[in-house]
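Step one of this worksheet: look at the structure below.
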Amino acid sequence: MTSTPGPALAAHQFTRGLPDDYIAALAGAARHIRVPARHRLFEEGGTADRFWLIQAGRVALDMHVPGRGMVVIEALGMGDVIGWSWLYSPYQWRLGAVAMQPTQAFEIDGARIREMCAGDPGFGYELTRRFLAVVVSRLQATRSRLLDLDAHPVDWP
């Protein structure tokens, strides 16, 4: 089930403090969605064309690790952002994502936002700055998780 975003978009942790016209731009490319538990939002290596701002629920970011299979890198919840790969060429997901429980989120069209960023450098700078913080957080979580896996090595054939 989907609906249009309301004032809740402005209250999300990621958008907090954005000017009203930037919120309106995001709202024009957004829709409110409900995702059932165990629904896969995207696969590692797939085409990245959107991002999500989580309002409720839990989503696991995962990746395939040789000798280990699918490994959860990080669990995200209310106030978190899913997806940054839509912003940077070649627009492919670097991780996968699956809902761990029923989740509500704003789903935002990445191609439309890229066009808006190109047309308004101030908007583009502000979103890029915010997404850079998301990227740094994801890289740190991935590093920590992989170091944890390395502490428990796999017996290779």
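Bear in mind that the values in this text are calculations on the coordinates, not laboratory data. Predicted model, so just to flag it, every value in this text is computed and none were measured. Glycine also receives a Cβ, built like all others from the backbone with ideal geometry; neighbour counts cover every protein chain displayed.
Some observations on this one:
- Helical contribution to [θ] at 222 nm, DSSP H n ≥ 4, -39,500 (n - 2.57), averaged over the chain, rounded to 500: -10500 deg cm²/dmol
- Loop trypsin sites (Lys or Arg not before Pro), region 27-76 (other Cβ atoms within 10 Å of the site Cβ: 10 or fewer; DSSP): ARG38
- Cβ-defined net charge surrounding ARG114, 13 Å radius [Lys, Arg +1; Asp, Glu -1]: -2
- Mean projection area, nm², convex hull over Cα of region 1-76: 6.1 nm²
- Whole-percent P(r), the chain, all Cα pairs, 10 Å bins from 0: 11, 39, 34, 12, 4, 0.
- The charge dipole of the chain, taken about the Cα centre with unit charges on the Cβ atoms of Lys, Arg (+1) and Asp, Glu (-1), comes to about 200 debye, rounded to the nearest 20.
- Radius 12 Å from Cβ of LEU53, net charge of other residues (Lys, Arg +1; Asp, Glu -1): +2
- Computed over the chain, relative contact order equals 27 percent, with contacts defined as Cα pairs under 8 Å that lie 6+ residues apart.
- Sum of side-chain charges, ALA10 neighbourhood, beta-carbon under 15 Å (Lys, Arg +1; Asp, Glu -1): -1
- Each residue in SER144, SER89, SER137 was given a count of other beta-carbon atoms within 10 angstrom of its own, and listing them fewest first yields SER89, SER144, SER137.
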